[in-house]
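The values are calculated or read from the model by the stated rules, or taken from the named source; none is laboratory data. All figures in this text were calculated on a predicted structure; none of them were measured in a lab. With ideal geometry, Cβ positions are generated from the backbone for all residues, glycine too; neighbour counts draw on all protein chains shown.
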Amino acid sequence: MLTIEDIKTLIKELDSSSLSELKLEAEDGKITLRKADAFAGKVKTIVEAAPQTTAVQAPSAQLEPQSNTSAEPAAAEANTDADPSLHKITAPMVGTFYSSSSPDADAFVSKGSKVDKKSVVCIVEAMKLFNEIEADCKGTIVDVLVEDGQLVEYGQPLFLVKED
């Protein structure tokens, strides 16, 4: 079976190629990578595992967090440790982060936006389901820590909020 790193590499290669779909099949499962029309150029991943006689679960310690590709998110990550008074809105699940409801729509929030409890701040797509993520506090967005279309891990900080 492919590792997470193998899948991430395949996604990057497909994203930079002119192909629109890639299918791989093996004894232990199959994977289909497809560029989604709705998010122009973003890659969707569909993984189907073949039935196994024994359940095997990979330890979570072996999974590596998504690396940042630009200096700005890396600097934002450094800010999370610098000011412990800021509230972190974290990813409630593994998935793909989207800052707006469609590619041509405005972002739900940006740096400087005011949020209340239950304000929608982003969407995380997991298994073809688009989950609206709500702020869990009232305040002002100080920083957006991830980029549109980035894969996020469970518990990964997405936003920093200065609470009112």
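Restricted to the stretch 1-66, the set of strands (runs of 3 or more DSSP E) holding at least 3 residues that are modelled with pLDDT of 75 or more and surrounded by 10 or more Cβ atoms within 10 Å (Cβ to Cβ) comprises 21-26, 29-35.
Just give me the residues in the stretch 95-106 being in a loop (DSSP other than H, G, I, E, B) and crowded, with 16+ Cβ neighbours inside 10 Å, in sequence order.
Within the stretch 95-106, just SER99 meets the criteria.
Criterion first (at pLDDT below 95, crowded, with 16+ Cβ neighbours inside 10 Å and out of contact with any Ser or Thr (no Cβ under 8 Å at 6 or more places or on another chain)) does PRO92 satisfy it? Lay out the reasoning, then the answer.
On the way: at pLDDT below 95: yes; crowded, with 16+ Cβ neighbours inside 10 Å: yes; out of contact with any Ser or Thr (no Cβ under 8 Å at 6 or more places or on another chain): yes.
The answer is yes for PRO92.
Run down VAL124, VAL109, VAL146, VAL142 and say which single residue is outside the structural domain of ARG34 (by TED's automatic domain parsing), outside any strand (DSSP E or B), of a type in the set (A, V, I, L, M) and touching a Leu at 6+ places or on another chain (Cβ under 9 Å).
On the way: VAL124 fails: outside any strand (DSSP E or B); VAL109 fails: touching a Leu at 6+ places or on another chain (Cβ under 9 Å); VAL142 fails: outside any strand (DSSP E or B).
Exactly one residue qualifies, and that residue is VAL146.
The C-beta contact set for the stretch 124-147 (first residue free of Cβ contacts under 8 Å to residues at least 60 places away in the same chain and under 11 Å from PHE159 (Cα atoms), second residue charged (D, E, K, R) and buried (at least 16 other Cβ atoms within 10 Å of the Cβ), distance under 9 angstrom, 6+ apart or interchain) is empty.
Quick check on my filter: what residues within the stretch 112-121 are under 15 Å from ASP143 (Cα atoms) and part of a loop (DSSP other than H, G, I, E, B)?
As a first pass, look at the stretch 112-121 and keep what is under 15 Å from ASP143 (Cα atoms): 112-115, 121.
Result: GLY112, SER113.
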